[in-house]
Amino acid sequence: MTDELKQDDLVKINYKPPKKDWMDTPVNFRHGTYIYPARAKNLKYLDLPNPREWSPTDEDWKLPENWKDIILNGMKERLDKYRSFKVFMDICVRCGACADKCHFFIGGGDPKNMPVLRAELIRSIYKGNFTAAGKILGRLNGARGLTKDVIKEWFYYFYQCTECRRCSVFCPYGIDTAEITMMGRELLTLLGCNVNWVLEPAANCYRTGNHLGIQPHALKDMFEMLLDDIEDRTGVKIEPTFNRKGAEILFVTPSADYFADPGIYTCMGYLMLFHELGLDYTWSTYASEGGNFGLFTSHEMIKRLNAKIYAEAKRLGVKWIIGGECGHMWRVIHQYMDTMNGPADFLEAPVSPITGTKFENAKSTKMVHITEFTADLIKNNKLKLDPSRNDKLRITFHDSCNPARAMGILEEPRYIIKNVCNNFFEMPENTAREQTFCCGGGAGLGTDEMMEIRMRGGMPRANAVQYVHDKHGVNRLTCMCAIDRATLTTLMEYWVPDVKVTGVHELVANALVMKGEKERIVDIRGEPLKEKKGEDDV
Amino acid sequence: MKLLLAFVIVLVLSAVPYIGIKYAGMSYEFGVIVPYAAVAVFILGFVYRIVKWAKSPVPFRIPTTCGQEKSLPWIKQNKLDNPSGTSGVVGRMALEVLFFRSLFRNTKTELKDGPKLAYGSSGWLWLAAIAFHWSFLIILIRHFRLFSQPVPYLINLLENVDGFLQIGIPTLYITDILLLAAVLYLFIRRIAIPQVRYISLVSDYFPLLLIFGIGLTGVLMRYFYRVNVIGVKELVMGLIALKPAVPADIGSLFFIHLFLISTLFAYFPFSKLMHMGGVFLSPTRNLANNNRMVRHINPWNYPVHVHTYAEYEDEFRDKMKSVGLPVEKE
Amino acid sequence: MYNSGKIITGLIIFVGLVTLPFWYSIGKANIKPDPSLNTPVINQMKVKHCIESKQFMIDNHMELLNEWRNAVVRDNKTIYVSTTGQYFTMSLEDTCFHCHSNEKQFCNQCHSYVNIQPYCWECHVKPAEEIANGH
Amino acid sequence: MAKVNLGGVEIEVDEDGFIVDPNVWNEKVAQALASTEDVPNMSEEHWKVVKYLRDYYQKYNIAPMIRKMCKDTQVDLKHMYELFPTGPAKGACKIAGLPKPTGCV
């Protein structure tokens, strides 16, 4: 995967744009920089237009005959529906403050990865077709005609944006490239120009309830395995319930948490925590996915996939919902769910049954972030914790883009981490909190065929980890996002191999002193709690 | 090329009134009709653009949060960068509009050997932007002395503050220098930084040069080539009293100044300069981050196809039963 | 969500601010300045002529006065030779106000019209108003 | 999608060479796929893993967690990488004719 990518080549970055105007520079599809197109079967399953076999490297993309009208009508519709889109199309002054804020530009130097230029890709079409000045002045005003090459360019660059919103922090008008990329992808969806890494999870999620296509019996089997491991390591036997009506709380988390390394350790953390609390909660196989790859497809798809959470909460008759550690999932839950699929008036405003704390900030959506829930437990001394069990870990924390910049959930995970481990080190200021850098693989880019772009885009993040690794001997990168847990793992293997990736609740799992547990000699991964002498890499 | 074109356009725009006044005696056209038309276009155009934006709803509440959310009571919320209510939003917008809060965060990324990425704070763009916008505003307000009779005391005060250095006769205004310097900086920056030059359009160079032209003609009139300021005020007062008359011998420099301003006003609503109004409508800044507390309404929310639980159970019922998962229908 | 109320309010404020000069001028008489030369000394002059041409004085009196001040105070020079070769004492009170003894009717006419506040009077004493009778 | 000759049969594969239809899989196909994944000879251990994957997939329509795969086949992860140098998810699953997993993995 990363074998053929040489770091020495990757870091030779030329930030100087070419002489030729960007409008005259066609896109070049090169392996490692684009994602395979969505399979026809996935488009069909989701009733999306123009299912077909094609490849971005083909000359002919098999677009529908009236593709131009589709795009222009689609743009008009979205300009009328979204003030953000309309305003962002109009007010950019091209000051360039965003340019070196994008991880893909920093790590690659492609000028079209400057957020301003990414937006110009679509703004130029807007000007040429929807503004008088653009129609009259044409290129002088940055307008251009809509051609098939434009569509190719859109496909290339809107799938080289992870919708991380870092640029929008710095933009004097708050122009949010995520919003523009989302529009671009919606328009591409109208032509059936999607990527498989997004649409297959979306189709899976639609059908089986989760991205990975885990069917209910398989899900059960996976949990058996996790529960065995927990028993093996702690001596505590846990029996969670699934699809149980009448539970007080529904718990929803990304499916990667119960399928893939290292997410499963975080998942064990949830299981152990809830068991220890004696929480009256249930998992669902129908709403078995917190993530929402609709966010990377279209607003309509967000709603279609997200609808399951409230529907299942209603069916099971729970009072409220807790959500696990995931990034873009929380963008959807925090910023879209209630508007799209609410009001959730069949639920109750969340109250922690353990501490009695009312989660005022979630009283309408009725869904609480697990780190809010756990931080409250710790603050109220409801957990017995032994942070020394994490002593071999020297930890730093990666703020995942969406929780940081679409929610502002910054202190809760830090509070937990500081209470469950003794060695915590922040990454540099310009790379943390609202200025955090993307893992390089968000928004549906986390696939192997994108490896070059991922390693480039992840470089700023990796570089900051390298910094704390060198300075403080950091060997564990904590995050609260399932995409992060997958993509940062690869990123670390490539750039900072001594650092492993973990979720917040994996650290909780290690530190949590459970009733009736046996003496812990291994951590939740089954590795010795204490480093053997001589192997200490601190 | 783009730069040259913008330069030529501004030159031509300066030449037009000069020729018109000097050789065609069109002082009424340039002194009355053009300014009236420009102000009308500006106001109508501005309102039109805002209304056009306003017609599109804000379907989702999508603030960019730049600090700690409001959550548990013992966690300190960053009320300005992540507001949860109206007062916070007003504060955030005020910081944004008056002090360019977001631009103030600007950093410069550098890739050093290692590879090591370094992020230095980079305040020059912010400084120039602040100097430019505030100077422009103060100069605009100072011009009120030509638009009012008697002149309000506040204008005197502003003039005194702006000219407190008491350099030269007539007194040098600090904002005059700041404006020209800032525009020059913004302009040079646009040419000198390769990435910024790469993204720059004619419509980026043009307003800078136009404003520089306005500032320059203003400064020339005040400090070097005097025009008949009494005549200027008579013209202006006639215009605002809707009894336009053009006094003789004002001096063509003034008409160049006036024409360039008129151009700016008329150009404003059709250009990126509308960021002045747009910044107030930016959904990532002007919304409270109270998403989970208060439901936001999307006026065009419509029903979509979903995969219902019933359909799901129908497909997987046997498998569910095989592992003891409860089902609705046996 | 349209927020039309807020937007309309904002627009009204904006248009109000832009058109403020129009509103401000309503009901106010637009009196043009009319500097008066009606002083006893000027009235007695056969040829009414300042130290330089009228146009020069209109455009440059402030700089001339500034130069005079510097010449007198810093260089101890007190004689000004005009372009026509006449000699004048560089003195605001003795030369200028000798003729223009009507500050209110002369200086202030234009100065207040365009809102200029010369700082002459920070040092100099304003001349007693002398307006010729019978005007 | 491209068709390649695997074990004497023309089979449709995706961009990464995973076979599209798991039902066309047989041992000959597996042999052919193995040679594309740096597994020149399929040993008994290889077959044990591949057959386990097939069985699991047939039962659950998905590849097992890597951890589970190691546990159930009694092949530890390190050895798994020795057997399948391109990794258990990519190499072993591909040889077993399973589709590539997608999502946050």
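Of note:
- C-alpha center-to-center spacing [the range B:259-277, the range D:1-44] in angstrom: 65
- Per-residue packing, averaged as other Cβ atoms within 10 Å, sorts the ranges B:16-28, A:122-134 into the order A:122-134, B:16-28, beginning with the highest.
- Report summary: the helix-based calculation at 222 nm, which adds -39500 (n - 2.57) for every DSSP H run with n ≥ 4 and divides by the residues of chain D, gives -12000 deg cm²/dmol.
- When the Cα positions of A:Asn423, A:Thr396, A:Leu250 are compared along the charge dipole of the range A:203-511, A:Leu250 comes out farthest toward the positive end, with charges on each C-beta of Lys, Arg, Asp and Glu.
- Order of B:Glu313, D:Glu44, A:Glu231, A:Glu372 - criterion: other Cβ atoms within 10 Å of each residue's Cβ, fewest first: D:Glu44, A:Glu231, B:Glu313, A:Glu372
- When the Cα positions of A:Pro64, A:Ile264, A:Phe293 are compared along the charge dipole of chain A, A:Pro64 comes out farthest toward the positive end, with charges on each C-beta of Lys, Arg, Asp and Glu.
- By the count of neighbouring beta-carbon atoms within 10 Å, fewest first, B:Leu242, A:Leu227 end up ordered B:Leu242, A:Leu227.
- Charge dipole (debye, nearest 20) of the range C:1-120; +1 at Cβ of Lys and Arg, -1 at Cβ of Asp and Glu: 360
- When both bridge partners sit in the protein assembly as shown, DSSP labels roughly 50% of those beta bridges antiparallel.
- Footprinting exposure proxy for C:Cys123, B:Cys66, A:Cys267 (fewest neighbouring C-beta atoms within 10 Å first): C:Cys123, B:Cys66, A:Cys267
- Other protein chain C-beta atoms within 10 Å of residue C-beta, averaged over A:442-449: 2.
- Inter-chain neighbour count for B:192-198: the average number of beta-carbon atoms from partner chains within 10 Å of each residue's beta-carbon is 6.
- Counting only residues at least eight positions apart within a chain, or on another chain, the aspartates and glutamates with an alpha carbon under 16 Å from that of A:Lys148 are A:Asp24, A:Asp58, A:Glu59, A:Asp60, A:Glu65, A:Asp69.
- Alpha-carbon centroid distance for the pair the range A:199-265 / the range A:270-292, whole angstrom: 8
- Set of aspartates and glutamates with alpha-carbon distance to C:Lys126 below 13 Å, sequence-local pairs under 8 removed: C:Glu93, C:Asp94, C:Glu103
- Helix-only arithmetic for chain A: the sum of -39500 (n - 2.57) across DSSP H runs with n ≥ 4, divided by the residue total, places the mean residue ellipticity at 222 nm at -12500 deg cm²/dmol.
- Peptide-level mean, for A:327-336, of C-beta atoms on other protein chains within 10 Å: 3
- Taking packing as the residue-averaged number of other Cβ atoms within 10 angstrom, the listed peptides B:278-286, C:91-99 run from highest to lowest as B:278-286, C:91-99.
- Lys/Arg +1, Asp/Glu -1 at C-beta; the range A:149-210 dipole; positive extreme among A:Val150, A:Val169, A:Tyr206: A:Tyr206
- Under-5 Å amide H pairs with C:Tyr80, H placed in peptide plane, nonlocal only: C:Phe88, C:Thr89, C:Met90
- A:His472-B:Leu165 pseudo-label distance in nm [points 7 Å out on the Cα-to-Cβ vector]: 4.7
- Axis of helix A:370-379 versus longest Cα principal axis of chain A: the two differ by about 40°, to the nearest ten degrees.
- Cross-link pairs exceeding 29 Å between alpha carbons, from the set A:Lys16/A:Lys152; A:Lys41/A:Lys152; A:Lys384/D:Lys71: A:Lys384/D:Lys71.
- Helix A:411-420 axis, angle to chain A major axis (alpha carbon atoms, nearest 10°): 40
- Using a Förster distance of 25 Å, the FRET efficiency for C:Asn38-B:Ala248 (Cβ separation, nearest 0.05): 0.55
- Between helix B:174-192 and chain B: long-axis angle, C-alpha atoms, 0 to 90°, nearest 10: 60
- Calculated P(r) of chain A - Cα pairs past 47 Å, %: 11
- Inter-part distance where the range A:152-169 and the range A:63-128 are each reduced to a Cα centre, Å: 9
- Whole-Hz Karplus values for the range A:14-24 come out as 9, 7, 7, x, x, 5, 5, 4, 4, 5, 9 Hz, taken residue by residue from phi with 6.51 cos²θ - 1.76 cosθ + 1.60 and θ = phi - 60°; glycine and proline positions read x.
- Looking at chain A, the DSSP beta bridges with both ends there are about 15 percent antiparallel.
- Candidates B:Leu216, B:Leu165, B:Leu103: whichever shows maximal mean-square fluctuation once chain B is modelled as a Gaussian network with Cα springs under 10 Å: B:Leu165
- About its Cα centre, the protein assembly as shown has a charge dipole of approximately 2560 debye under the convention of +1 per Lys or Arg Cβ and -1 per Asp or Glu Cβ, with nothing else charged.
A short reminder: the numbers here are calculations on the coordinates, not readings from a lab. The structure presented is a predicted model; accordingly, all values stated were derived computationally and were not measured. For neighbour counting, all protein chains shown are included, and Cβ atoms are generated from backbone atoms with ideal geometry for every residue, glycine included.
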